[in-house]
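Peer 1: Below is the structure I would like to discuss, written out as structure tokens.
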Amino acid sequence: MDAARGLALFGMMAIHLLPASGEDVEPTLTWLLFAGKAAALFALLAGVTLAFTTRRARTEGGHFLTAARRSVAARAGLVTALGLAIAYVDMDAFIILAYYGAMFLLAVPLLGVSTRTLLVAAAAFALLGPILMQGLRDYLPAPGFDPTFSTVFTEPGVFLSQLLLTGTYPAIPWLAYIAAGLAIGRMSLDRPRVQLVLLGSGAALAAAAWFGSRLLLAGPGFDRLLASEPDLSPDDLQGILVWGTDEYLPTSSWWWLSIAAPHSTTPFDLLHTIGVATAVLGAMLLVSRFAGKALLLLSAPGRMTLTLYCTHLLFLGTGALADLPVISLWLQITAFVIFAVIWQRAGKQGPLEKLVSRGAASARDSVLRRHPDPRSAKRGR
């Protein structure tokens with residue numbers, strides 16, 4: 001789990017720093033491997049972590065479930081606040097944190113539902129979320145770059161619509177990742193059979209979504225998209241299929257939902273990246289059975305991704321080494337790995353992780369104090 005999270009962190013950093021295309025104007029290996037997929041892995045693992053941290057609440061229900069929901073809501077607020085604060089720093093990167101917090105908040109009602117309901121919810125958000133997004137986009141205010149506290153008070157409509165439907169990581173369709181992660185987190189992830197199922201089913205879903213999109217575009221889809229945008233050339237459209245759009249998908253045709261470009265947030269994009277993220281998690285779990293120690297360079301940073309991600313964003317804001325992206329990336333990765341390993345050996349939680357965990361624990365304990373566990377009282381006597 002930690003290694004997969006570390007891989008997602010480094011993948012997002014690589015997308016922020018390294019060029020998307022080479023001298024031949026073809027996508028780089030970095031772009032093909034991580035564009036849209038690293039952030040998706042990050043979000044799916046958030047759902048898995050929520051399943052871990054709310055396991056007792058789900059099985060016992062009652063005030064334990066209420067406490068867990070209060071804890072997740074507090075975590076959502078703190079992560080959102082952190083994202084709004086760091087967005088004041090000028091940088092050439094989109095910040096996921098505020099959207100991440102919105103996803104946590106929307107996931108609160110899902111904490112007590114059955115695994116089958118979670119799988120249905122994941123499919124529904126992946127299929128219907130993009131339809132809602134496309135259907136309402138022309139009626140919603142245009143999003144800004146990244147929301148800040150100022151946006152909350154001066155443009156609340158922009159803030160809400162951006163977090164939920166129009167932004168880079170819109171929380172409503174992206175809740176598909178959280179719901180899928182919650183369902184995966186309830187599985188017996190230490191069993192080899194489950195790990196193989198995750199790897200195989202994830203790869204199958206990723207391939208099916210990608211080929212499904214290509215099949216539609218090889219048929220009438222490509223021509224329908226060209227007809228919907230008269231100023232769009234075939235080369236321009238082919239570029240969109242590889243790179244995605246500069247802002248967001250046009251609403252001139254529902255056929256735009258048939259593409260699977262990075263960050264297009266279409267059903268095919270969501271299902272493809274859910275499959276990739278699931279397969280990566282399954283692969284990491286299998287590797288850890290035989291070479292767990294070899295994953296330390298990923299797992300140590302993976303235990304403090306919030307701290308390291310924010311540090312990376314602040315470093316971007318300085319503009320240092322902007323002309324040397326490869327050196328910048330490897331310098332940051334090296335520093336993060338060394339720091340994370342030392343911090344882990346000291347037995348400490350990441351600084352920002354500790355801050356958020358304390359806030360979430362405080363919210364949880366405020367509920368539990370009003371409803372003391374009678375079994376604890378009996379054990380005390």
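Peer 1: Taking residue 338 and the conditions (1) at pLDDT 95 or above; (2) touching a helix residue (DSSP H, G or I) at 6+ places or on another chain (Cβ under 7 Å), which numbered condition does it fall short on, given that it satisfies the others?
Peer 2: The number of the failed condition is (2).
Peer 1: Same structure, new question: If residue 262 satisfies all but one of (1) modelled with pLDDT of 95 or more; (2) under 21 Å from the mean Cα position of the chain (by Cα), what's the number of the condition it fails?
Peer 2: Of (1) modelled with pLDDT of 95 or more; (2) under 21 Å from the mean Cα position of the chain (by Cα), only one is false for residue 262: (1).
Peer 1: Another one. Read through the list (1) of a type outside the set (Lys, Arg); (2) at pLDDT below 95; (3) closer than 20 Å to residue 31 by Cβ, then give the number of the only condition that residue 272 fails.
Peer 2: (2) is the only condition that residue 272 fails.
Peer 1: Quick check: anything in the stretch 229-243 in contact (Cβ under 8 Å) with a residue 60 or more places away in the chain and of a type outside the set (S, T, N, Q)?
Peer 2: Within the stretch 229-243, the first condition is being in contact (Cβ under 8 Å) with a residue 60 or more places away in the chain, and the residues that meet it are 242-243.
Now restrict to residues that are of a type outside the set (S, T, N, Q): 242-243.
Scanning the stretch 229-243 turns up at least one residue that is in contact (Cβ under 8 Å) with a residue 60 or more places away in the chain and of a type outside the set (S, T, N, Q).
Peer 1: Is there a residue in the stretch 79-92 that is open to solvent by 40 Å² or more (accessible area, probe 1.4 Å), aromatic (Phe, Trp, Tyr) and in contact with a helix residue (DSSP H, G or I) (Cβ under 7 Å, 6 or more places away or on another chain)?
Peer 2: No: the stretch 79-92 contains no residue that is open to solvent by 40 Å² or more (accessible area, probe 1.4 Å), aromatic (Phe, Trp, Tyr) and in contact with a helix residue (DSSP H, G or I) (Cβ under 7 Å, 6 or more places away or on another chain).
Peer 1: Give me the residue from the stretch 340-352 that is open to solvent by 80 Å² or more (accessible area, probe 1.4 Å) and part of a helix (DSSP H, G or I) and, out of that set, nearest to residue 83 (Cα to Cα).
Peer 2: Applying the filter and picking the extreme gives 342.
Peer 1: Then there's this: Hand me the list of helices (runs of 4 or more DSSP H) wholly inside the stretch 221-328 holding 2 or more residues that are closer than 21 Å to residue 97 by Cβ and open to solvent by 40 Å² or more (accessible area, probe 1.4 Å).
Peer 2: Hits in the stretch 221-328: 305-318.
Peer 1: What do you reckon, is residue 33 within 27 Å of residue 333 (Cβ to Cβ), touching a Gly at 6+ places or on another chain (Cβ under 9 Å), of a type in the set (A, V, I, L, M, F, W, C) and open to solvent by less than 30 Å² (accessible area, probe 1.4 Å)?
Peer 2: For residue 33, the condition - within 27 Å of residue 333 (Cβ to Cβ), touching a Gly at 6+ places or on another chain (Cβ under 9 Å), of a type in the set (A, V, I, L, M, F, W, C) and open to solvent by less than 30 Å² (accessible area, probe 1.4 Å) - is not met.
Peer 1: Which helices (runs of 4 or more DSSP H) does the stretch 107-191 wholly contain that include 2 or more residues that are among the aromatic types (Phe, Trp, Tyr)?
Peer 2: 149-154, 171-185
The values are calculated or read from the model by the stated rules, or taken from the named source; none is laboratory data. None of the values given here were measured: they were computed from a predicted structure. Quick reminder, even Gly has a Cβ in these numbers, built from the backbone with ideal geometry, and neighbours come from all protein chains shown. What goes into the accessible areas is simple: the full protein's heavy atoms, side chains included, and nothing from ligands, DNA or RNA. Shrake-Rupley method; radii C 1.70, N 1.55, O 1.52, S 1.80 Å.
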